[in-house]
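K.L.:
Take this structure first; my questions come after.
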Amino acid sequence: MSDQTVQLILDNLWPLLKAAVTVTIPLTLVSFVLGLVVALVVALMRLSPVRAVSGAARAYVSVIRGTPLLLQLFIIFYGLPALGVTFEPFPAAVIAFTLNVGGYAAEVIRSAILAVPKGQWEAASTVGMDYLTTLRRVVLPQATRTAIPPLSNTLISLVKDTSLASTIQVTELLRVAQEAAAPTYQFFAMYSVAAVYYWVICLGLSALQTRLEERQNRYVAR
């Protein structure tokens, strides 16, 4: 590795870190939290006995899971302006990632809710709990333990998927690496550094996942 390459890397360690902390991580967290809200609503719709409601939720999940995330980004940022709806790059990315997470996480949450024994619903009903109270105080706490591993994987995948936001002009980690490498064509070096940043973020999330699983399993009878 030449001195020029080393100096380029050193000069861009901070800009890359800044992009990761101020754009990539916030984009991931905001999209994931909003995506979980969408996913919970869609999961409950999928469980609805009303065919129109469950059918609408099923169609949403099918569309989201059946189309590329990059295409979803392009439709929201480049396609919607043709209909008179325009978003800035960051909000457009948040919307696309939120809808995408909602589609995938909905099935995770639905499966976790179905994994809760029916007796739990019946027991809650016998003590006078209504549907929402049962869901909030009995079912969701138990479903959370089942859902944590797959939802954590969704979050980790989202961290890496945020790199696609560079295609709609979001100045996140990958875009900063591209801009730094462009004048000298040192793409291998800068992309490698960006990869390390993504890897470190994912390592941190994996460690958090392990802690959450241990915390949840602490209350499970063995």
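The values are calculated or read from the model by the stated rules, or taken from the named source; none is laboratory data. Owing to the predicted nature of the structure, the values given are computational and were not obtained by experimental measurement. Note: ideal-geometry Cβ built from the backbone for every residue, glycine included; neighbour counts use all protein chains shown.
K.L.:
Does residue 92 satisfy the condition of being of a type outside the set (D, E, K, R), under 24 Å from residue 195 (Cβ atoms), at pLDDT 95 or above and buried (at least 18 other Cβ atoms within 10 Å of the Cβ)? It would help to see each step written out before you state the result.
P.N.:
Numbers: of a type outside the set (D, E, K, R): yes; under 24 Å from residue 195 (Cβ atoms): no; at pLDDT 95 or above: yes; buried (at least 18 other Cβ atoms within 10 Å of the Cβ): yes.
So residue 92 fails the test.
K.L.:
Are any residues in the stretch 39-63 surrounded by fewer than 20 Cβ atoms within 10 Å (Cβ to Cβ) and either β-branched (Val, Ile, Thr) or in contact with a strand residue (DSSP E or B) (Cβ under 7 Å, 6 or more places away or on another chain) (or both), and if so, which ones?
P.N.:
Hits for the stretch 39-63 are 41, 50, 53, 63.
K.L.:
Does residue 143 satisfy the condition of being hydrophobic (A, V, I, L, M, F, W, C), without any contact (Cβ under 8 Å) to a residue 40 or more places away in the chain and surrounded by fewer than 16 Cβ atoms within 10 Å (Cβ to Cβ)? Steps first, please.
P.N.:
Numbers: hydrophobic (A, V, I, L, M, F, W, C): yes; without any contact (Cβ under 8 Å) to a residue 40 or more places away in the chain: yes; surrounded by fewer than 16 Cβ atoms within 10 Å (Cβ to Cβ): no.
Answer is no for this residue.
K.L.:
What do you reckon, is residue 111 in contact with a Phe, Trp or Tyr (Cβ under 6 Å, 6 or more places away or on another chain), under 30 Å from residue 212 (Cα atoms) and either part of a helix (DSSP H, G or I) or among the acidic types (Asp, Glu) (or both)?
P.N.:
On the way: in contact with a Phe, Trp or Tyr (Cβ under 6 Å, 6 or more places away or on another chain): no; under 30 Å from residue 212 (Cα atoms): yes; either part of a helix (DSSP H, G or I) or among the acidic types (Asp, Glu) (or both): yes.
So residue 111 fails the test.
K.L.:
Scan the stretch 146-179 for residues that are crowded, with 19+ Cβ neighbours inside 10 Å, out of contact with any Asp or Glu (no Cβ under 8 Å at 6 or more places or on another chain) and of a type outside the set (Val, Ile, Thr) and jot them down.
P.N.:
The answer is 147, 151, 155, 158, 161, 164, 172, 173, 174, 175, 177.
K.L.:
It is to be established whether one or more residues within the stretch 186-198 are assigned to a loop (DSSP other than H, G, I, E, B) and either loosely packed, with under 13 Cβ neighbours inside 10 Å or at negative phi (or both). Walk me through how you get there before you give the answer.
P.N.:
Of the residues in the stretch 186-198, the ones assigned to a loop (DSSP other than H, G, I, E, B) are 186.
From the residues that got through so far, the ones that are either loosely packed, with under 13 Cβ neighbours inside 10 Å or at negative phi (or both) too are 186.
Yes, the conditions are met somewhere in the stretch 186-198.
K.L.:
Assess whether residue 157 counts as being touching a residue at least 24 places away in the same chain (Cβ under 8 Å), out of contact with any strand residue (DSSP E or B) (no Cβ under 6 Å at 6 or more places or on another chain) and under 13 Å from residue 108 (Cβ atoms).
P.N.:
Numbers: touching a residue at least 24 places away in the same chain (Cβ under 8 Å): no; out of contact with any strand residue (DSSP E or B) (no Cβ under 6 Å at 6 or more places or on another chain): yes; under 13 Å from residue 108 (Cβ atoms): yes.
Criteria not met by residue 157.
K.L.:
Hey, among the residues in the stretch 99-132 that are at pLDDT 80 or above and not aliphatic (A, V, I, L, M), which one's surrounded by the fewest Cβ atoms within 10 Å (Cβ to Cβ)?
P.N.:
If we take residues in the stretch 99-132 being at pLDDT 80 or above and not aliphatic (A, V, I, L, M), then 117 is surrounded by the fewest Cβ atoms within 10 Å (Cβ to Cβ).
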